[in-house]
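Undergrad: Sharing a structure below in structure tokens format, with a few things to ask.
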Amino acid sequence: MPEIRNQAVVLTGATGDMGQAIAEMLLREGAKLAICGRDPQKLAALEQRLARPGAPLAAGVVDVTAEDQVRDFFAKAKAALGRLDVLINCPGLSIPGPIAAAKVEDFQRMFDVNVKGAFLAAKHFVGLADESAGGLVINISSVAAKRANPNAPLYCAAKAALAMMADGLALQVAAKNIRVTTISPGAADTQFWGSRPVPREKFLKVEEVAEVIRFVLTMPSRVVFHDIAFESFDFWRCK
């Protein structure tokens, strides 16, 4: 089975709870990392936590919806790591509420973060990935893309759009020896929920999501996972 050690991985949305858990898993497995996020303080703290003598690490404050920032970060990542093997798109944004009361700017922001950000990252990763070695794009979607709910229908729509874009990307880049996987976790215990009264104790742990990604990364390149959907059994059986 392939090892994660020395794979050059770009992780966007690294400063969120899920992104940090994924970054820490990758560090334990010996990956070479390039991480980005919007919050300078959180990024600096994560960079300090991940730093190891002799281990390449690139970090950048990046708005994933701004193409110039994304393009520059990917160029920086390749220069620092020597090559790019894996892209993990982790940014996510939900603004819950009824459609009839939604602001157009909130709708646009959700699609920008969840869909446009992944599009821009994939666009600039594909052109830099080494075709001879193969590549892998992992997009973090959600079971919300498959199962609508009345609380955040626009978030469901954005994650569904991300999943469909990933399916189309997979068809386009197969000839370049690049695989594409969509990870669709159920509700996870993160700050994503804010002050909403939800049973976070029954949700997935972020470390469990990171373990699923680790599994995908350690499978042979002859195997492609198109979509992996999973959730907490405790939460699912109580609905």
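Undergrad: Please specify each residue of the stretch 78-126 satisfying the condition of being assigned to a strand (DSSP E or B), touching a Gly at 6+ places or on another chain (Cβ under 8 Å) and under 16 Å from residue 62 (Cβ atoms). Step through it out loud before you land on a result.
TA: Residues of the stretch 78-126 assigned to a strand (DSSP E or B): 86-89.
Of the ones still in play, those that are also touching a Gly at 6+ places or on another chain (Cβ under 8 Å) are 86-87, 89.
Answer for the stretch 78-126, where residues must be assigned to a strand (DSSP E or B), touching a Gly at 6+ places or on another chain (Cβ under 8 Å) and under 16 Å from residue 62 (Cβ atoms): 87, 89.
Undergrad: Name every residue in the stretch 128-140 that is aliphatic (A, V, I, L, M), farther than 17 Å from residue 223 by Cβ and over 15 Å from the mean Cα position of the chain (by Cα), in order of residue number.
TA: Passing the criteria: 128, 129.
To keep it simple, each residue is scored yes or no on (1) assigned to a helix (DSSP H, G or I); (2) without any contact (Cβ under 8 Å) to a residue 12 or more places away in the chain; (3) β-branched (Val, Ile, Thr); (4) at negative phi.
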residue: 3; (1), (2), (3), (4): no, no, no, yes
residue: 15; (1), (2), (3), (4): no, no, yes, yes
residue: 23; (1), (2), (3), (4): yes, no, no, yes
residue: 26; (1), (2), (3), (4): yes, no, no, yes
residue: 35; (1), (2), (3), (4): no, no, yes, yes
residue: 43; (1), (2), (3), (4): yes, no, no, yes
residue: 47; (1), (2), (3), (4): yes, no, no, yes
residue: 52; (1), (2), (3), (4): no, no, no, yes
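Undergrad: Same structure again: Do you know which residues across the stretch 201-226 are surrounded by fewer than 16 Cβ atoms within 10 Å (Cβ to Cβ), in contact (Cβ under 8 Å) with a residue 12 or more places away in the chain and more than 23 Å from residue 28 (Cβ to Cβ)?
TA: Hits for the stretch 201-226 are 201, 224, 226.
Undergrad: Residues that are under 18 Å from residue 118 (Cβ atoms) and more than 19 Å from the chain's Cα centre (by Cα): list the helices (runs of 4 or more DSSP H) wholly contained in the stretch 141-239 that include at least 1 such residues.
TA: 153-173
A short reminder: the numbers here are calculations on the coordinates, not readings from a lab. Note that the coordinates shown come from a computational prediction; the quantities given were computed from them, not determined experimentally. Counting neighbours? That spans all protein chains shown, and the Cβs are built from the backbone with ideal geometry, glycine included.
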